[in-house]
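Quick notes on the structure that follows.
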Amino acid sequence: MLYGSIHIYEADEELKKPFNRVRLLTKFSGRRLVVYNAPIVEINYFRNILDSLKSNLGLDPLRREWNEDKVLKYLLKNCDKKVGVALLDQRIVAGIGNILRNEILFRAKIHPERLIKDLSTEELNRLIRISRELSREFLRIKLKKRRLRDLLYVYNRVGKNCKICGSKIKFYMQDEVNRKTFVCEYCQRNRSSLDTFII
């Protein structure tokens, strides 16, 4: 259930989405924080929320505490999971949503249906490295209020040609997570090539 968005508005600024999508609106001095479409909004003291998150979530690619060795251990503890499912498991890696999942797997040249135990150490390390790099790039683009379109190689590109090999991008709903999944069957076929895409 990784959907919804958070916006910060000036006190007199008009909302960018219909009010019926607002799940939380808080007012501060001169600004408003608005949460849209969130299935769950949890309100508590900052320390309680932080402690809960730290005990229930995996490492976040955007935080200083990111540790590739620990992430590798978390992945290997879930070796029977499909990699496309594992990337959405917030207990393994926190903060990766469906768009990032699709793009990380494409750049890592890993098909979402592969099991973690079938990935080589090189593939896992590449997956972990790209997870951090692409998460940072997504954040940088979002903070500049730019569109993600130029960064997307597969997401929402069903039927279009792959930007790398020219094959058609395919779409399906991945079992277990029931999320939109986009793949280039050629670039992401089951192989362990070490060449990667430049982000």
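The values are calculated or read from the model by the stated rules, or taken from the named source; none is laboratory data. Quick caveat, the model's predicted, so the values are computed rather than measured. Cβ coordinates were reconstructed from backbone atoms using ideal geometry, including for glycine residues, and neighbour counts include every protein chain displayed.
Is it the case that Gly97 is within 16 Å of the chain's Cα centre (by Cα), under 17 Å from Arg179 (Cα atoms), surrounded by fewer than 16 Cβ atoms within 10 Å (Cβ to Cβ) and not aromatic (Phe, Trp, Tyr)? Yes. Within the stretch 1-26, the residues that satisfy the criterion of being more than 30 Å from Leu87 (Cβ to Cβ) and loosely packed, with under 10 Cβ neighbours inside 10 Å are Glu10, Asp12, Glu14, Pro18, Phe19, Asn20.
Taken over the stretch 47-67, the criterion of being acidic (Asp, Glu) and surrounded by 15 or more Cβ atoms within 10 Å (Cβ to Cβ) is satisfied by Asp60 alone. Scoring Ile141 on the criteria (1) at pLDDT below 95; (2) assigned to a helix (DSSP H, G or I); (3) closer than 21 Å to Glu65 by Cβ leaves a single failure, condition (3).
Picking from residues in the stretch 105-138 that are of a type in the set (D, E, K, R) and assigned to a loop (DSSP other than H, G, I, E, B), the one that is surrounded by the most Cβ atoms within 10 Å (Cβ to Cβ) is Lys109.
You will find that of Val85, Val71, the residue that is in contact (Cβ under 8 Å) with a residue 60 or more places away in the chain, in the same structural domain as Asp175 (by TED's automatic domain parsing), over 30 Å from Ser167 (Cα atoms) and surrounded by fewer than 24 Cβ atoms within 10 Å (Cβ to Cβ) is Val71 and no other. Inspection of the stretch 109-128 finds no residue satisfying the criterion of being of a type in the set (D, E, K, R) and within 28 Å of Ile6 (Cα to Cα).
Take the residues in the stretch 157-181 that are of a type in the set (A, V, I, L, M) and touching a residue at least 24 places away in the same chain (Cβ under 8 Å), then tell me which one is nearest to Gly84 (Cα to Cα). Top of the filtered list is Val177.
Inside the stretch 100-140, residues that are touching a helix residue (DSSP H, G or I) at 6+ places or on another chain (Cβ under 8 Å) and of a type in the set (Phe, Trp, Tyr) make up a count of 1.
Taken over the stretch 86-98, the criterion of being of a type in the set (A, V, I, L, M) and in contact with a Lys or Arg (Cβ under 9 Å, 6 or more places away or on another chain) is satisfied by Leu87, Leu88, Ile92, Ala94.
The number of residues in the stretch 150-188 that are out of contact with any strand residue (DSSP E or B) (no Cβ under 9 Å at 6 or more places or on another chain), buried (at least 19 other Cβ atoms within 10 Å of the Cβ) and more than 17 Å from Leu100 (Cβ to Cβ) comes to 1.
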